[in-house]
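*Asks:* This structure is in structure tokens; I'll ask about it shortly.
Each reported figure results from applying straightforward, stated rules to the coordinates on display, with no laboratory input. This structure is a prediction, so every number in the text was calculated from the model and none was measured. Methodologically, a virtual Cβ is constructed for each residue, glycine included, from the backbone with ideal geometry; neighbour enumeration extends over all protein chains shown.
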Amino acid sequence: MSDLLRLATAGSVDDGKSTLVGRLLYDTKSVLADTLEAVQRASVDKGLSTPDLSLLVDGLRSEREQGITIDVAYRYFATDKRTFVLADTPGHVQYTRNTVTGASTAELAILLVDARKGVIEQTRRHAAVLALLGVPRLVLAVNKIDLVDYDEGTFEVIAKEFTAHATSLGYPMGTVLAIPVSALRGDNVVAHSPHTPWYTGPTLLDHLETVPVEPDPHEAPFRFPVQYVIRPRTPEHPDYRGYAGQIAAGTVRPGDEVVVLPAGLRTTVERVDTPDGELPEAVAGRSVTLLLADDVDISRGDVIAAATEPPALTDELSATLAWLADKPLRHNQKVLVKSGSRTVRAMVTELRTRFDEQRLSTHEDPETLTLNEIGQVSLRTAEPIPVDGYTSRGRTGAFLVIDPADGTTLAAGLVGAPLPLLDKA
Amino acid sequence: MTAIIEPTQPTLDALGRLESEAVHIMREVAGEFDRPVILFSGGKDSTLLLHLAVKAFWPAPVPFPLLHVDTGHNFDEVIDFRDRVVERYGLRLVVAKVQDWIDDGRLTERPDGTRNPLQTVPLLDSITENRFDAVFGGGRRDEERARAKERIFSLRNSFGQWEPRRQRPELWNLYNGRHRPGEHVRVFPLSNWTELDVWRYIQRENIELPPIYYSHEREVYQRDGMWLAEGPWGGPRDGETKVRKTIRYRTVGDGSCTGAVESTARTLDEVIAEVAASRLTERGATRADDRLSEAAMEDRKREGYF
């Protein structure tokens, strides 16, 4: 079992997300005494009688002044079983931008709803975005269960509605769990609540500690974007020539036949090298250095891939974009596309559909994409690049769209990702 | 066809994933920037950073020079260690001495004698003079809540300032290092590490650190609830008395505001047990400068601090 879980939170304003995260940190004793004292002092200054746990996670002064969370914040906590990296994503303005960012590295997402309000539009949209990004597992935290008198019926209605929604988005049975919690009082966050005897499932922390984490795609065809060519030219290593990178997908072993793209040269892996010694095998997620049998011309941006199942080489991309910038997409806009370790010039040649977040449907032939909007586009790149379809966790098929003028990140791109998914939101 | 060998460790453990992530980040910088530099003080985080850089480019030498912003308020053991490490790896070390900036009037000594906040100007001046475009720092998001919102690639404007509301979204493991002339990018490969991860990795990799991180005896005096040592930055004031204590340092910074903790942890095992059981954050326990105000770190970061 993996001893590290990366997760993200998503929720609307006032669902108590900061309080829930604060509660997780507090109850796992990840908040140390000096931090807690500072929170207690600040709570007293605000005239509160109990410590406001949300103050643990509101980082910036302007956030504390306004009582809102602006930006994705990263939290770290650990138990005896696992280490957790949590991307805490605010749910109001720029919600898509923040949710997409948090979801891009998450193996599990916690969605919050207020038990008094149940599943609302934003919950459905958040779930759709998480599904689009391929976050493998969801937890619905039905918060403020104390405010509905710990009523089983209320919880069941919400849990059923959400599970049905998640199923329609493609989540298989067993990947979605609803838990009745009160972040404020701590019910079912770390310890089972005496107020919900009817709930027999795990507490939130139990679930996070034991939920299976899908490993990086070991079984997928091998993909290795070359980041850097290592050529020491030192007396000890006069002829060493290694290709450094992080395995994006699959497994590599000495003797494997590979193809180098976009050039299309074929060769064999001679050695999988690390400073700690050669490896008989290395899997997705690992940073290694490959030595190849033939002296071929390879540089940063190339992809070394399984010769039997290479990625497509194309200069025409069909992709889904989540627009993250204040300035809207323009017709025939020239952009930079960063895919793996390669950055190429590209043009958005067609905007086919836009996901309408109000009507929860797709529009054909929209004029533009603006902040927080998701749409399907065609892109033409200045040169053919190797691409795979987007897969969960974005190791392949994910790209950034960058403004060449000022370097702004304009959009998150998913090769061929299924926007129709969002129609079901 | 080579025989298939049974995998010994098909999935990376937590430290292995953090290491691979940091190595990936360093190689991205080497591939995309013209003049990167590693901030190196000889402290544990920057020593770890250098160790990861050595691994990222092995068997080639580290393709970056080092920059130390020297407050002049140093522990001798740390400077000795710094110089030995630089020599061992054959690296170029640029030292920006705060004293030089004070001597020629670009900086003024503070009334409290603390020089930590004075490091920002020499840091930014050195970045400009050397035209560094990527600056590696050992900052971690678990250290402090303003840092929790920092990106791994953090763009600084031409005044070196951090603008928290204008940060770029950071997705997957794709980093956007584009910057305009005069701007630079701070890069934090240890963003996702915690203090305990750092110590466990130091143990696993058997990384040497300056001896002051381990328990030793030292003459110290108490101020603001912290044990400070006498040095070029001054000593006990009226009413403060020196006592001999068994202590160690959890962080190493400007001597005037870095406190020691009482500790008998002499080995890595003992340090790890102590850190795991500690009820204080490393900054709260040992850094006077972060106690100034609720937003002390946020303010210094906006100005261009590490």
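*Asks:* Net charge within 9 Å of A:THR196 by Cβ-Cβ distance, Lys/Arg positive one each and Asp/Glu negative one each, not counting A:THR196 itself?
*Replies:* -2
*Asks:* I'd like the orientation of helix A:152-168 relative to chain A: the angle between its Cα long axis and the longest Cα principal axis, in ° from 0 to 90, rounded to 10.
*Replies:* 20
*Asks:* So for chain A: antiparallel DSSP bridges make up what percent, rounded to the nearest 5? Before the final figure, lay out each step's value.
*Replies:* Numbers: 73 of 96 bridges.
Within chain A, antiparallel bridges account for around 75 percent of the total.
*Asks:* Sticking with this structure for a sec: Take every Cα-Cα pair in the protein assembly as shown and report what % of them are more than 37 Å apart.
*Replies:* 41
*Asks:* List the pairs from A:LYS17/A:LYS338; A:LYS17/A:LYS144; A:LYS29/A:LYS117; A:LYS327/B:LYS301; A:LYS117/A:LYS144; B:LYS149/B:LYS301 whose alpha-carbon separation is above 21 Å, in the order I gave them.
*Replies:* On the way: A:LYS17/A:LYS338 33 Å; A:LYS17/A:LYS144 11 Å; A:LYS29/A:LYS117 31 Å; A:LYS327/B:LYS301 27 Å; A:LYS117/A:LYS144 10 Å; B:LYS149/B:LYS301 12 Å.
Where the Cα-Cα span goes over 21 Å, the pairs concerned are A:LYS17/A:LYS338; A:LYS29/A:LYS117; A:LYS327/B:LYS301.
*Asks:* Now for a separate question. Could you tally the net charge around B:THR108, taking each other residue with its Cβ under 14 Å from the Cβ of B:THR108, Lys/Arg +1 and Asp/Glu -1? Intermediate values should be presented prior to the final figure.
*Replies:* Details: positive: B:ARG106, B:ARG110, B:ARG115; negative: B:ASP100, B:ASP103, B:ASP104, B:GLU109, B:ASP112.
So the environment of B:THR108 carries a net charge of -2.
*Asks:* Once you keep just the Cα pairs under 8 angstrom separated by 6 or more residues, what percentage relative contact order results for chain B? The partial results should precede the final answer.
*Replies:* Numbers: 499 pairs, mean separation 59.6, N = 306.
The normalised contact order for chain B reaches 19 percent.
*Asks:* Measure nothing fancy, just the Cα-based angle from helix A:17-27's long axis to the longest principal axis of chain A, in degrees from 0 to 90, nearest 10.
*Replies:* 90
*Asks:* Additional query: Please work out whether chain B counts as rounded, prolate or oblate from its C-alpha gyration tensor, where a ≥ b ≥ c are the square roots of the eigenvalues and a/c under 1.5 means rounded, while otherwise a/b larger than b/c means prolate and anything else oblate? Intermediate results must be reported in sequence, preceding the final value.
*Replies:* Working: a/c = 1.71, a/b = 1.21, b/c = 1.41.
Taking the square roots of the gyration eigenvalues as a ≥ b ≥ c, chain B is oblate.
*Asks:* Taking a threshold of 31 Å on the Cα-Cα distance, which of the pairs B:LYS55/B:LYS245; B:LYS44/B:LYS245; A:LYS46/B:LYS44 fall above it? Don't skip to the answer; put the middle values down first.
*Replies:* Values: B:LYS55/B:LYS245 38 Å; B:LYS44/B:LYS245 22 Å; A:LYS46/B:LYS44 38 Å.
Among B:LYS55/B:LYS245; B:LYS44/B:LYS245; A:LYS46/B:LYS44, the Cα-Cα distance tops 31 Å for B:LYS55/B:LYS245; A:LYS46/B:LYS44.
*Asks:* Residue by residue through the range B:167-184, which ³J(HN,Hα) values in whole Hz follow from phi under the Karplus form 6.51 cos²θ - 1.76 cosθ + 1.60 (θ = phi - 60°), with glycine and proline marked x?
*Replies:* For the range B:167-184, the Karplus curve yields 5, 7, x, 10, 10, 6, 10, 9, 10, 9, x, 5, 8, 8, x, x, 7, 9 Hz.
*Asks:* Convex hull volume of the Cα atoms in chain A, per residue, in Å³?
*Replies:* Details: hull volume 71.7 nm³, N = 425.
So the per-residue hull volume is 169 Å³.
*Asks:* At 222 nm, what value in deg cm²/dmol follows for chain A if DSSP H runs of at least 4 each add -39500 (n - 2.57) and the sum is divided by all its residues, to the nearest 500? If you can, show how the numbers build up before the last one.
*Replies:* On the way: 7 runs with 76 residues, N = 425.
Per the formula, -5500 deg cm²/dmol.
*Asks:* Also, I was wondering about something else. Rounded, prolate or oblate: which fits the range B:165-280 when a ≥ b ≥ c are the square roots of the eigenvalues of the alpha-carbon gyration tensor, with rounded for a/c under 1.5 and prolate only if a/b beats b/c? Walk me through the intermediate numbers first.
*Replies:* Working: a/c = 2.87, a/b = 1.63, b/c = 1.76.
Cα axes put the range B:165-280 in the oblate bin.
*Asks:* Take the alpha carbon gyration tensor of the range A:72-197, find the square roots of its eigenvalues, order them as a ≥ b ≥ c, and report rounded if a/c is under 1.5; if not, report prolate when a/b exceeds b/c, else oblate. Write down the numbers at each step before the final one.
*Replies:* Details: a/c = 1.58, a/b = 1.22, b/c = 1.30.
In terms of gyration-tensor shape, oblate.
*Asks:* Over chain A, what is the mean sequence separation of C-alpha contacts under 8 Å (at least six apart), divided by residue count, expressed as relative contact order in percent?
*Replies:* Details: 986 pairs, mean separation 55.9, N = 425.
Here the relative contact order equals 13 percent.
*Asks:* Would you mind calculating the relative contact order of the range B:209-288 from Cα pairs under 8 angstrom and at least 6 residues apart, reporting the percent as a whole number? Please list the in-between numbers first.
*Replies:* On the way: 131 pairs, mean separation 25.7, N = 80.
Over the range B:209-288, the number comes to 32 percent.
*Asks:* Test of understanding: in a Gaussian network model of chain A with alpha carbons linked when under 10 Å, which of A:LEU291, A:LEU147, A:LEU24 would top the mean-square fluctuation ranking?
*Replies:* A:LEU147
*Asks:* If you look at just the Cα atoms of the range A:312-424, how large are its Rg and its Dmax in Å?
*Replies:* Taking only Cα atoms of the range A:312-424, I get Rg and Dmax of 13.0, 38 Å.
*Asks:* Could you give me the radius of gyration and the Dmax of the range B:220-259, taking only the C-alpha atoms into account and expressing both in angstrom?
*Replies:* Final numbers for Rg and Dmax: 9.6, 27 Å.
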